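**Student:** This structure is in structure tokens; I'll ask about it shortly.
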Amino acid sequence: MGYPPLYFVSSNEEKYREIRGALDTCPVEARRVVLDLPEIQSLDPAEVASYKARKAYEHLLNGLVLVEDTGLVVDAWNSYPGALIKWVLASVGEKGLCRQLDAWTDRQATATVVLCLFDGQEMHTFSGQTHGVITQEPRGEFGFGWDSIFQPDGYPITYGEMPRETKMQISMRTRALEKLKAYLGQL
């Protein structure tokens, strides 16, 4: 049986590399598509990803559309910045976010990845989370986004200090991808 193509919609080459690597044993071929899509403003990554998946499908009109959104919830900030993390980092950067958190004693955070798979009719959502802390300052050169300021529970280093292979063993993206792979294995 032939499987429909899976279009991963993202301008981020590093995310695509992680997605493609994780799905290499699945019966679908992941292809990256770069689309300039509107992004709704919400703290909830699932709302953002599902909206973008529907908009991406309107452009592609076939196959399976996969969109990812990421959120970083700082416990002391009551769910903020969540999916708005991209905009916070664009404004103040990793170092600025660390400094802003200096006013609180609680530096705990939860990193979330939401994958939305849309076939034009049904939306399937897969999420993964990792708990950790925001460090006092950025550390590490690996990864992207806020990897240099997020230290997962049980590890003395940030995602930014971990080689990709190590990060992918424990990351929230891996947890979401495991759920997606289980679903794709049923197709």
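**Student:** Please figure out what share of the DSSP beta bridges in the chain is antiparallel and state it in percent, rounded to the nearest 5.
**Tutor:** Counting DSSP beta bridges with both partners in the chain, the antiparallel share is about 80 percent.
**Student:** Tell me, rounded to the nearest percent, the portion of alpha carbon pairs in the chain spaced more than 25 Å apart.
**Tutor:** 33 percent
**Student:** Taking the 0 to 90 degree range and rounding to the nearest ten, how far is the long axis of helix 45-60 tilted relative to the main principal axis of the chain, both from C-alpha atoms?
**Tutor:** Taking the Cα atoms of the chain, the angle to 45-60 is about 30 degrees.
**Student:** Quick check: pseudo-label points 7 Å beyond the Cα along Cα→Cβ at Arg17 and Glu137, how many nm apart are they?
**Tutor:** 2.7 nm
**Student:** A further question on this structure: For Tyr183 and Arg31, compute 0.36 nm times the residue count separating them, minus their Cα-Cα distance, and round to one decimal in nm.
**Tutor:** Taking 0.36 nm per residue and subtracting the Cα distance, the gain is 52.9 nm.
**Student:** Mind ordering 65-75, 165-175 by average Cβ neighbours within 10 Å, highest first?
**Tutor:** In descending order of packing, they fall as 65-75, 165-175.
**Student:** Stretch Thr105-Val92 to full length: gain in nm at 0.36 nm per residue minus the Cα-Cα span?
**Tutor:** Values: separation 13, 0.36 × 13 = 4.68 nm, distance 2.02 nm.
That works out to 2.7 nm of additional length.
**Student:** Here is a follow-up. If the reach is capped at under 23 angstrom between alpha carbons, list the lysines near Lys95, excluding any in the same chain fewer than eight residues apart.
**Tutor:** Candidates past the 8-residue exclusion: Lys15, Lys86, Lys167.
**Student:** Next question. What is the magnitude of the charge dipole of the chain about its Cα centre, with +1 placed on the Cβ of each Lys and Arg, -1 on the Cβ of each Asp and Glu, and no other charges, expressed in debye to the nearest 20?
**Tutor:** On the way: 19 positive and 25 negative charges, 43 e Å.
Using only the charged Cβ atoms, the result is roughly 200 debye.
**Student:** What whole-number distance in Å separates the alpha-carbon centres of region 81-158 and region 9-61?
**Tutor:** Distance between centres, Cα-based: 18 Å.
**Student:** Can you put Asp36, Asp44 in order, fewest other beta carbons within 10 Å first?
**Tutor:** Ascending number of Cβ neighbours within 10 Å: Asp36, Asp44.
**Student:** Turning to a different aspect of this structure: For Asn78 and Glu165, what is the calculated FRET efficiency with R₀ set at 41 Å and r taken between the beta-carbons, to the nearest 0.05? Mind dumping the intermediate values first?
**Tutor:** Working: r = 35 Å, r/R0 = 0.84.
Approximately 0.75, to the nearest 0.05.
None of the figures in this text is laboratory data; all of them are computed from the coordinates on show. Since the structure is predicted, the reported quantities are computational estimates derived from the model, not experimental observations. Note that we place each Cβ from the backbone using ideal geometry, even for glycine, and neighbour counts take in every protein chain shown.
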